[in-house]
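The values are calculated or read from the model by the stated rules, or taken from the named source; none is laboratory data. Quantities reported herein were computed from a predicted structural model and do not represent experimental measurements. A quick note on method: Cβ atoms are made from the backbone with ideal geometry, for glycine too, and the neighbour counts reach across all protein chains shown.
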Amino acid sequence: MPQKDLTKPLDYKAMWEDEKERRQFAENELALIKGIGNNSPEMKALREQVKELKAKPMPYIKVLSKNIDIVKKKKPHWDIFQIVSVVQRIMRRTEWKKYIG
C-alpha cells in the first residue's frame, strides 16, 4: 500500500507484508483455477475422446492414403504436393465416406 505522505519514512515491512499477502492470494486463485479446470468432467471426457481417436486411425486418413497410392501409380512424375492437392480436391468433390472399407 503506497504511502500518501512522502515526508515520513517508508514502512518497508508493511509494504512487504501487503505484497506477500496479495501474491499468495493470486497464487492460490491460480492453483484453484488450474485444479478445477484439469479435473472437471468436461476435461476428463475430452481426454477419453483423445485416447479413442489416437487408438484407431481416422477413416479420412485411410482413404486419403489409398487414393494417394492410386494417383502415384498413374502419375509417377508428380511430386507429393501435387498428388496430395489433387487427391484432397477429389475427396472434397465426392462423398469420400463411401470408400471406407
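Residues considered: Glu27, Glu42. Of these, the only one that is modelled with pLDDT under 85, acidic (Asp, Glu), over 30 Å from Gln88 (Cβ atoms) and out of contact with any Cys (no Cβ under 6 Å at 6 or more places or on another chain) is Glu42.
Taking the criterion of being surrounded by 10 or more Cβ atoms within 10 Å (Cβ to Cβ) and free of Cβ contacts under 8 Å to residues at least 12 places away in the same chain, the residues of the range 8-20 that qualify are Leu10, Asp11, Trp16, Glu17, Glu19, Lys20. Within the range 67-88, the set of residues being surrounded by 14 or more Cβ atoms within 10 Å (Cβ to Cβ) and assigned to a helix (DSSP H, G or I) comprises Asn67, Ile68, Val71, Ile83, Val84, Val86, Val87, Gln88. Among the candidates Lys66, Lys51, Lys73, the residue that is in contact with a Phe, Trp or Tyr (Cβ under 8 Å, 6 or more places away or on another chain) and either of a type outside the set (D, E, K, R) or modelled with pLDDT of 80 or more (or both) is uniquely Lys66.
Within the range 34-61, the residues that satisfy the criterion of being under 30 Å from Gln82 (Cβ atoms), free of Cβ contacts under 8 Å to residues at least 24 places away in the same chain and either of a type in the set (A, V, I, L, M) or surrounded by 10 or more Cβ atoms within 10 Å (Cβ to Cβ) (or both) are Leu53, Pro57, Met58, Ile61.
Checked against the criteria, Leu64 does not count as out of contact with any helix residue (DSSP H, G or I) (no Cβ under 9 Å at 6 or more places or on another chain), within 30 Å of Glu95 (Cβ to Cβ) and surrounded by 11 or more Cβ atoms within 10 Å (Cβ to Cβ). Right, Asp11: acidic (Asp, Glu) and at pLDDT below 75 or not? When the stated conditions are applied, Asp11 does not pass them.
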